[in-house]
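This report refers to the structure that appears directly beneath it.
Rule-based calculations on the coordinates, nothing more; no lab input. What you are looking at is a predicted structure, and each value in this text was computed from that prediction instead of being measured. Here the Cβ positions follow ideal geometry from the backbone for every residue, glycine too, while neighbour counts run over all protein chains shown.
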Amino acid sequence: MTTPPAARTAHPAVTPESVDLSVEIGPLRLANPVMTASGTAGLGLEMEPFWDLSLAGAVVVKTITKLPRRGNPMPRLAETASGLLNSIGLPNKGIDHFVDVVLPKLAGKASCLVVNLAGGSVAEFAELAARLDGRPGIDALELNISCPNVEGGNLPFARDPTVVERLVAQVRRATTLPIVTKLSPNVDDIAAVARAARAGGTDAISLINTLLGMSVDWRTGRPGLGTVVGGLSGPAVKPVALRMVYEVVRNVDVPVIGIGGIVDADDALEFLTVGASAVQIGTAHYRSPDVVPRVVEGLRERLAAAGRRRVAEQIGTLRVG
Ligand SMILES: Cc1cc2nc3c(=O)[nH]c(=O)nc-3n(C[C@H](O)[C@H](O)[C@H](O)COP(=O)(O)O)c2cc1C
């Protein structure tokens, strides 16, 4: 039996190509919800041999600091059963090099460019943000607050909601760019930290950064990482990340970007279902450097198969009870 023409017009089939993947994250509008996660796709340029940077919803560069940093002692990576441990230590050539050398090469290549920053003090975060304000080619800042507060007992900023609110508020005053605050999972109450960041004026939250972990070879007695303790990422952390996205979405009125263990479109859809407006992909780049365009295509196919015309229809569709 053929479908009458009228019915066809009223319910046109959803094809992968016709799915609208655009999402809004506060003031940011992305062509699709798939972003790179900071530190895992270099400065973006390193991915160019594998895919056109404009295919990502956004490219997030690895953390930039005020001064150049050499990073941590080797070994900096250790594989575990279902995750990766790292203690890279934010090696980079500093903000001057980024502004003068990297940014001119990057500008215009990504459809949305997010610069991830880390300071050793609240004032340094604000200084870095001010330095980037108004630079052509930058669409948003992401604050890596998992780094130690050298003025506050060397504890990560992310552990103290009062400091987080003050930090974000100072950055807010220093820039007109949208701010994404990236949270650490190594806290008791993730919603309290997200609420503090929102009170300080963040436009969005991204989470999670890596979970503290370690590995050891019992035969040699040597730890897997030169720093002994490092950050766990990859599929092992996905359930923790989903739980934390859930807690923030449920308790705080702020757009959320989900990160943690995403390797394919199904993983990305899980985060969107829980309420994330977009996702970032990190460790999966090491196994398959073309993971970002693959997940974008996978989203189109799965959403079309599920009859969704817009990815936005999937966001926050978690059914409890
Ligand atoms: C090797 C490596 C380097 C990373 N470097 C950074 C970084 O420079 N800044 C940052 O905010 N997060 C950094 N991260 C954390 C990731 O951006 C991401 O939050 C985390 O790995 C969880 O996502 P995944 O499981 O998809 O990797 C790094 C992670 C890895 C594995």
Residue 79 paired with residue 51, simple spin-label distance in nm, labels 7 Å along Cα-to-beta-carbon: 2.2 nm
Cα centroid separation - region 168-231 against region 11-80, whole Å: 17 Å
For region 153-165, Karplus couplings with θ = phi - 60° (6.51, -1.76, 1.60), whole Hz, Gly/Pro x: x, 6, 7, x, 3, 4, 7, 10, x, 5, 5, 4, 4
Nearest-20 debye value, the chain charge dipole, Cβ charges on Lys, Arg, Asp, Glu: 160 debye
Calculated diffusion of region 25-258, Stokes-Einstein form, Kirkwood radius summed over Cα pairs, 10 °C and 1.306 mPa s, µm²/s: 88 µm²/s
Built amide H within the under 5 Å cut-off of residue 80, gap 5+: 85
Other-chain or far-sequence residues with amide H under 5 Å of residue 142's (modelled H): 115, 116, 117, 180
Residue among 220, 155, 240 farthest towards the positive dipole end of the chain, charges placed on Cβ: 220
Phi to ³J(HN,Hα) by Karplus 6.51 cos²θ - 1.76 cosθ + 1.60 over region 57-68, Hz, x for Gly, Pro: x, 7, 9, 10, 7, 5, 4, 9, 10, 5, 10, x
In region 175-258, the trypsin sites (Lys or Arg not before Pro) that fall in loop regions by DSSP, at most 16 other Cβ within 10 Å: 219
Dipole of the chain [Lys/Arg +1, Asp/Glu -1 at C-beta], most positive-end residue of 95, 263, 311: 95
Helix 265-274 axis, angle to the chain major axis (alpha carbon atoms, nearest 10°): 90 degrees
Over the chain: helical MRE at 222 nm, DSSP H runs n ≥ 4 each giving -39500 (n - 2.57), nearest 500: -8500 deg cm²/dmol
Hz values of 3J(HN,Hα) by residue in region 283-299 - Karplus curve (6.51, -1.76, 1.60), Gly and Pro given as x: 3, 4, 4, 6, 8, 9, x, 9, 4, 5, x, 5, 5, 4, 5, x, 4
Selection from 196, 321, 19, by position along the positive dipole direction of the chain (Cβ): 196
